[in-house]
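Asker: Got a structure for you, written out below as structure tokens; questions coming shortly.
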Amino acid sequence: MSDSNRPTVVIGVTGCVAIYKTCEVIRLLQKRGVRAKVIMTQHACGFIDPTMFRSLTREPVAVGLFDDPSDPIHHISLAKEADVFAIVPCTVNVIAKIACGIADDLLTTTALATIAPIVIAPAANVNMYEARVSKENRDRLRARGVRMVEAESGYLACGDEGRGRMAEPADIVEAICAELGMSRDLEGKKVLVTAGPTVEPVDPVRYLSNRSSGKMGFEIAKAAARRGAEVFLVTGPVALGDPAGVETVRVETACEMLDAVERRFEEVDIAVFAAAVADMRPATPASRKLKKGSDADALARIELVENPDILATMAHRKSRQVVVGFAAETDDVVENARRKLRSKGADYIVANFVGEGGAFDADDNEVVVVGADGDRSYPRLPKAAVADALFDCILGDR
Ligand code: PMT
């Protein structure tokens, strides 16, 4: 994945009236957590000003091969950036050029240079679309592995009726997401996720906590939402904004986190406990700030009591829910995770290596998913990819 957080789709836009639907394709992709970057042909700029796509994507829009002085080999960098290269809409002319390997502008050179999967959504007048040569060109590209989202029949902009109207944005987005490995396989499911640290007050200004940033839990919540689930995220204090389309509850302490989890647990299908919950809390937090001098004794001897174990509590109450815990380990990672699997009653424990590179606050993570039937190890991956791997695991087993 080229962007550490989000998959990137480079969208080539050619000159055709269906271009207005490209805006909706970009919006739908963004809702699913996908980053879109646009390349336009000169003819496309005759239909829509690049400002429209620049505003929608909040990314520069590329048009000419040599327009960007900071990037002298722009078609190669765009080709490498793409996790999927999509051409929406694609004229019969551009399809013909790509089928023949013609690379005479930024869009077609990028199409030739990329090794990413290619998705094409053609649009044309019915006679141009049904022309034998156009069909042959589409067939040639399909035979080379290009995913063609065929045009539909209907009333065309030129006034004719017939095949040639570009497919609906939702269908094009499904095709792109399928190439990205982002299907809607959690549609109809409810997922609960805990994330971040808990903070346990010592006095009004001091607390016990840990270094969790919430990134892992937030990526899990985002992945579940992308894959169609209704998602409830309960997070301790973190510097991350609420993920789009996720009901987010912010708490401070372990007891508040348990309370928020209990409110939702009954109704969910999958619960993932990625939070780094403080095991202990000060028994009686002081109501005023403790002073170094006069309260030195109290500060030196803070009495701690055990926090509720949220994962174990919920796992022992589970009926149909799949319950997933995390384990931050430095050594004997899999053995410790297996022990936690049994003691906490979870269906899976995701063991992350917190040694070199770390799991806390990093953008990537190296995990082993330990389940009753065995382990699955993954290389160090962006946390977004770890989240998807976890759901692939859960769904693959059921
Ligand atoms: O937030 P990041 O910076 O992205 O870092 C991610 C992470 C390293 C925090 C995350 O991937 C992780 O490993 N979370 C769990 C860390 C941890 O506290 O492990 P543990 O061994 O203490 O707890 C095991 C499991 O029990 C966890 O699922 C935890 O949520 C749960 N637990 C623990 C204690 C407690 N009182 N209640 C719990 O529910």
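Asker: Enumerate the calculated ³J(HN,Hα) couplings along the range 297-303 in order (Karplus 6.51 cos²θ - 1.76 cosθ + 1.60, θ = phi - 60°), each rounded to whole Hz, writing x wherever the residue is Gly or Pro.
Answerer: Each residue's phi maps through the Karplus curve to give 5, 4, 5, 6, 10, 7, 7 Hz.
Asker: Right, another one. Quick check for the range 8-179: number of Lys pairs with alpha-carbon distance under 28 Å, counting only pairs 8 or more apart or on different chains?
Answerer: 10
Asker: Oh, and also: Counting only heavy atoms of protein chains, what accessible area per residue, in Å², does the chain have with a probe of 1.4 Å? Numbers along the way, then the final one.
Answerer: Numbers: 18270 Å² over 398 residues.
Here the per-residue accessible area is 46 Å².
Asker: Oh, and also: Please give the helix 215-226 orientation as an angle from the longest Cα principal axis of the chain, in degrees from 0 to 90, rounded to the nearest 10.
Answerer: It works out to around 50 degrees.
Asker: With all pairs of different alpha carbon atoms counted, what Kirkwood hydrodynamic radius in Å does the chain show?
Answerer: Numbers: mean 1/r = 0.0423 Å⁻¹.
In the chain this quantity evaluates to 23.6 Å.
Asker: Ordering Lys97, Lys291, Lys80 by accessible area with a probe of 1.4 Å, largest first, what comes out? Mind dumping the intermediate values first?
Answerer: Details: Lys97 30, Lys291 110, Lys80 155 Å².
From most accessible down to least: Lys80, Lys291, Lys97.
Asker: Contact order normalised by length for the range 8-179, with contacts defined as Cα pairs under 8 Å and 6 or more residues apart; what percent is it? Let's see the in-between values first.
Answerer: On the way: 349 pairs, mean separation 40.0, N = 172.
In percent, rounded to a whole number, it is 23.
Asker: Which residue fluctuates the most in the chain, going by a Gaussian network model with Cα springs under 10 Å, if the choices are Pro197, Pro89, Pro237?
Answerer: Pro237
Asker: Kindly give Rg over Rh for the range 252-398, based on alpha-carbon atoms, with the Kirkwood expression for the hydrodynamic radius. Walk me through the numbers before you get to the answer.
Answerer: Working: Rg = 18.0 Å, Rh = 17.1 Å.
In the range 252-398, Rg relative to Rh is 1.05.
Asker: Taking the Cα centre of each part, how many Å lie between the range 106-178 and the range 294-356?
Answerer: Centre-to-centre distance over Cα atoms comes out at 51 Å.
Asker: Give the ranking of Val119, Val205 by solvent-accessible surface, highest area first, calculated with a 1.4 Å probe.
Answerer: So the residues, ranked largest to smallest area, are Val205, Val119.
Asker: From Cα pairs below 8 angstrom and at least 6 apart in sequence, can you work out the relative contact order of the chain, rounded to a whole percent? Before the final figure, lay out the partial values.
Answerer: On the way: 844 pairs, mean separation 45.5, N = 398.
It rounds to 11 percent for the chain.
Asker: Across the range 322-332, in residue order, what do the Karplus-derived ³J(HN,Hα) couplings come to in whole Hz, using 6.51 cos²θ - 1.76 cosθ + 1.60 with θ = phi - 60° and x for Gly and Pro?
Answerer: Values, residue by residue: 8, 10, 10, x, 10, 9, 8, 10, 9, 8, 6 Hz.
Asker: Within the P(r) computed for the range 34-82, what percentage of the Cα pairs occupies the region above 16 Å? Numbers along the way, then the final one.
Answerer: Details: 474 of 1176 pairs.
Of the Cα pairs, 40 percent sit more than 16 Å apart.
Asker: Something else now. Identify all aspartates and glutamates with a Cα-Cα distance to Lys222 below 13 Å; exclude those on the same chain that are fewer than 8 residues away in sequence.
Answerer: List returned: Glu230, Asp242, Glu247, Asp388.
Asker: Residue by residue through the range 19-27, which ³J(HN,Hα) values in whole Hz follow from phi under the Karplus form 6.51 cos²θ - 1.76 cosθ + 1.60 (θ = phi - 60°), with glycine and proline marked x?
Answerer: For the range 19-27, the Karplus-derived couplings read 4, 4, 6, 5, 4, 5, 4, 5, 4 Hz, x marking Gly and Pro.
Asker: Just to check, using Stokes-Einstein with a Kirkwood Rh over alpha carbon pairs, what's the diffusion coefficient of the range 8-179 at 25 °C and 0.890 mPa s in µm²/s? Each step should come with its number before you reach the end.
Answerer: Details: Rh = 15.8 Å.
Answer, rounded: 156 µm²/s.
Asker: Heavy atoms only, 1.4 Å probe, whole protein assembly: order Ser213, Ser77 by accessible area, highest first. Could the numbers behind the result be given before it?
Answerer: Working: Ser213 20, Ser77 45 Å².
Result, largest first: Ser77, Ser213.
Asker: Which angle from 0 to 90°, rounded to the nearest 10, does the C-alpha axis of helix 383-396 make with the longest principal axis of the chain?
Answerer: The answer is roughly 90 degrees.
Asker: Same structure, new question: Distance in nm between label sites at Glu356 and Arg54, each 7 Å beyond Cα in the beta-carbon direction?
Answerer: 4.5
The values are calculated or read from the model by the stated rules, or taken from the named source; none is laboratory data. What you see is a predicted model, and the numbers here were worked out from it, not measured in a lab. Quick reminder, even Gly has a Cβ in these numbers, built from the backbone with ideal geometry, and neighbours come from all protein chains shown. Please note that ligands, DNA and RNA were not included when accessible areas were found on the heavy atoms of the full protein model with its side chains. Shrake-Rupley method; radii C 1.70, N 1.55, O 1.52, S 1.80 Å.
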